[in-house]
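K.L.:
The following block contains the structure, expressed as structure tokens.
The values are calculated or read from the model by the stated rules, or taken from the named source; none is laboratory data. What you are looking at is a predicted structure, and each value in this text was computed from that prediction instead of being measured. Using ideal geometry, Cβ is built from the backbone for each residue, glycine included, and neighbour counts are taken over all protein chains shown. Ligands, DNA and RNA are stripped out before the accessible areas are found, and what is left, the full protein with its side chains, is counted by its heavy atoms. Shrake-Rupley method; radii C 1.70, N 1.55, O 1.52, S 1.80 Å.
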Amino acid sequence: MEMFAKSTICARPGWTQSLVDELLGEPDETAKAFTWARNTYLYAPHRVYEIEASDRFRKVMRPFKTVDYAICQSHIQTGSPFEESLRSMTIAVAIFSMDRVKRGAIGHHSASTGERIAFHGHANGVLEEVMVNYARDVLCDVDEDVVDIFCAANSLSSLRAVRYTKYRAVADAYPALAEKCGEKILFEFLYD
């Protein structure tokens, strides 16, 4: 199982180094890449997710700026049983520096895929793709209970409306990622 480094957790919304120490306690593993390097403290991702879902975390988390986006009206199917839910739904995107997004994206990618990639330069847009996926999956906050209802009802049009809006929101919040968001929209929505 791949682990989250402390720096990766601190790049996630609401976390600080002191909150990692307070809420997660001792690391699950400690690694040292080189004899001269500092220790890297590693935590099991499921522990991080459990804390993030807790009421305690919501009370003590570090505030961060968000921008709310409404679901793209052109993607809401008229007459759908979920039309009202979609029209009232918003997606909040956490606004961070691009450096923080990059650090969080690389750490999240490594922990979730098991791939340890060194992102030197911007080879073939791989880094931008990883950053877009991270922003879409971690920095975009949507009412998951409602999304679960869409999934249970197999409402693909509703799920597509949410996913499309996430890409549009990421592109707007992080203009440096707009081109990659556009490519993903084309790939996922025109060629599926």
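K.L.:
From the backbone phi of the range 63-80, what are the Karplus-calculated ³J(HN,Hα) couplings (6.51 cos²θ - 1.76 cosθ + 1.60, θ = phi - 60°) in whole Hz, Gly and Pro given as x?
P.N.:
These are the phi-based 3J(HN,Hα) values: x, 9, 6, 10, 10, 8, 10, 7, 4, 4, 4, 5, 9, 8, 6, 5, x, 5 Hz.
K.L.:
Given 0.36 nm per residue, what is the gain on full extension from D68 to A31 after removing their alpha carbon distance, in nm?
P.N.:
9.5 nm
K.L.:
Return one quarter of the surface area of the convex hull spanned by the alpha-carbon atoms of the chain, equal to its mean projected area, in nm².
P.N.:
Here the figure is 12.4 nm², rounded to one decimal.
K.L.:
Shifting gears a bit: Got the relative contact order for the chain handy, in percent, Cα pairs under 8 Å and 6 or more residues apart?
P.N.:
Reported as a whole number, the value is 22 percent.
K.L.:
K166: which aspartates and glutamates have alpha carbons under 15 Å from its alpha carbon, excluding same-chain residues fewer than 8 sequence positions away?
P.N.:
Correct list for K166: D68, E129, D137, D141, D143, E144, E179, E183, E188.
K.L.:
A further question follows. Using a probe radius of 1.4 Å on heavy atoms only, what accessible surface per residue do you get for the chain? Whole Å² is fine. Before the final figure, lay out each step's value.
P.N.:
On the way: 10940 Å² over 192 residues.
Per-residue accessible area for the chain comes out at 57 Å².
K.L.:
Okay, moving on. I need the trypsin sites (Lys or Arg not before Pro) found in the range 37-80, filtered to DSSP loop residues with at most 11 other beta carbons within 10 Å of theirs.
P.N.:
Working: sites: R38, R47, R56, R58, K59, K65; in loops: R38, K65.
Passing sites in the range 37-80 are R38, K65.
K.L.:
What figure in square angstrom, to the nearest 10, would you give for the accessible area of T78 with a 1.4 Å probe?
P.N.:
110 Å²
K.L.:
For the range 42-99, what relative contact order do you get, as a whole percent, if you take Cα pairs closer than 8 Å and at least 6 residues apart? Could the numbers behind the result be given before it?
P.N.:
On the way: 38 pairs, mean separation 20.9, N = 58.
36 percent.
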